[in-house]
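Worksheet for the structure shown next.
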Amino acid sequence: MFLRIDKLQVDLPRPSEADPNSAAVVQELMGGKFGEMSTLMNYTYQSFNFRGKSKIRPYYDLVANIAAEEMGHIELVANTVNLLLDKTVENSDGSGVNPLGMGLGGPYPDHFLNTGLGTMAANAGGAPWSGDYVFSTGNLKLDLLHNFFLESGARMGKIRTYEMTDNETAREMIGYLIVRGGVHQEAYAKALSDLSGVDVTKLLPVPDINSADFPHAKKFMDKGYHRFLYKFSPNDYNQLGEIWNGSQAETGEPREVVNDIPEGGPVPDLTEVPEMFAPNIDPADVEELGKRFLNG
């Protein structure tokens, strides 16, 4: 059972103008092979299919709990793409002849043609995300090894996307995901180390670039986000600390299980776009309809 909270995991700055090019690049972090759709669905299906939970409960708690955080990461990427597309009409040529003209000849016409300036479950090239990316074998060591590989590929993608765009909204989100994805990467490395006796954490960082080299990631590291594993449940998944303990691999600071959710920020209220047939609704009309239903 999932509990949804009407917040984002991080407060996203609102861009001053539309940036369809950055929106197109950030799409890779949603629906690419190493995107957030892949991390979410891999860990979710592994948790669904997990056998022998009572015998190796800490490993189940780890995979299931990280899956819950990944749902919030999808929400972050989606809202980032949406914000980067939010002022496309205002930033057109102003003639009113082609109010969606910023999509003409752009890198991602689907944002304009098919989603109402919204996110796609697809990669930066427009290819839909595929369930073929899900890896769930039922073999704990193999699945954890895959998850470490997946998080390493995801970190590569985030770093390269960060280096492709200088948009502050995109970089704020990516900086956060570099740090949080690094926690998941290290958590799977630690789990493999405990399970096998081989210290997989010595491979970190993969790619071999320190997260603190990225200013938008360092600001979250300064808050300790690189050593926190959040427990996204008020009462359950209480054996995370049996894996997430000891010293953080890169900084030597203590790892910590946090029995709370990230501070976060509001979900953006996106601009209505009549050109996309998103009507301008009068709040008084909504109130009147509510009264009719209540009194009807």
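Take VAL200 and decide whether it is in contact with a Leu (Cβ under 8 Å, 6 or more places away or on another chain), surrounded by 15 or more Cβ atoms within 10 Å (Cβ to Cβ) and more than 30 Å from PHE112 (Cα to Cα).
On the way: in contact with a Leu (Cβ under 8 Å, 6 or more places away or on another chain): yes; surrounded by 15 or more Cβ atoms within 10 Å (Cβ to Cβ): yes; more than 30 Å from PHE112 (Cα to Cα): yes.
Yes.
Of the helices (runs of 4 or more DSSP H) entirely within region 11-85, those holding at least 2 residues that are surrounded by fewer than 19 Cβ atoms within 10 Å (Cβ to Cβ) occupy 36-48, 57-84. Looking at region 2-9, is at least one residue part of a helix (DSSP H, G or I), closer than 28 Å to ASN245 by Cα, β-branched (Val, Ile, Thr) and open to solvent by 20 Å² or more (accessible area, probe 1.4 Å)? Checking region 2-9: not a single residue is part of a helix (DSSP H, G or I), closer than 28 Å to ASN245 by Cα, β-branched (Val, Ile, Thr) and open to solvent by 20 Å² or more (accessible area, probe 1.4 Å).
Quick one: which of ASP222, ASP213 is open to solvent by 30 Å² or more (accessible area, probe 1.4 Å), closer than 30 Å to LEU85 by Cα, of a type outside the set (A, V, I, L, M) and modelled with pLDDT of 95 or more?
Numbers: ASP222 fails: closer than 30 Å to LEU85 by Cα.
Only one candidate qualifies: ASP213.
Of the set (1) of a type in the set (Asp, Glu); (2) at pLDDT below 85; (3) within 30 Å of PHE2 (Cα to Cα), all apply to GLU272 but (2).
For region 132-163, enumerate the residues that are touching a residue at least 60 places away in the same chain (Cβ under 8 Å), more than 18 Å from the chain's Cα centre (by Cα) and part of a helix (DSSP H, G or I).
Filtering region 132-163 down to residues touching a residue at least 60 places away in the same chain (Cβ under 8 Å) leaves 133-136, 138, 140, 143-144, 146-147, 150-151, 153-154, 156-158, 161.
Remaining after also requiring more than 18 Å from the chain's Cα centre (by Cα): 135-136, 138, 140, 143-144, 146.
Once the filter is applied, which keeps residues that are touching a residue at least 60 places away in the same chain (Cβ under 8 Å), more than 18 Å from the chain's Cα centre (by Cα) and part of a helix (DSSP H, G or I), region 132-163 yields LEU140, ASP143, LEU144, HIS146.
With respect to GLY31, is the statement that it is touching a strand residue (DSSP E or B) at 6+ places or on another chain (Cβ under 6 Å) and modelled with pLDDT of 95 or more true? Even if it seems obvious, please write down each step before you answer.
Values: touching a strand residue (DSSP E or B) at 6+ places or on another chain (Cβ under 6 Å): yes; modelled with pLDDT of 95 or more: yes.
In short, yes.
For region 106-123, give me each residue that is outside any helix (DSSP H, G or I) and either of a type in the set (D, E, K, R) or closer than 10 Å to LEU85 by Cα (or both). GLY116, LEU117, GLY118, THR119, listed by residue number. Screening TRP129 on (1) in contact with a strand residue (DSSP E or B) (Cβ under 7 Å, 6 or more places away or on another chain); (2) in contact (Cβ under 8 Å) with a residue 60 or more places away in the chain; (3) open to solvent by less than 10 Å² (accessible area, probe 1.4 Å) shows it passes everything except condition (3).
The values are calculated or read from the model by the stated rules, or taken from the named source; none is laboratory data. Here the structure is a predicted model, which means the values were calculated and not measured. Note: ideal-geometry Cβ built from the backbone for every residue, glycine included; neighbour counts use all protein chains shown. In case anyone asks, the SASA skips ligands and DNA or RNA and just uses the protein heavy atoms, side chains included. Shrake-Rupley method; radii C 1.70, N 1.55, O 1.52, S 1.80 Å.
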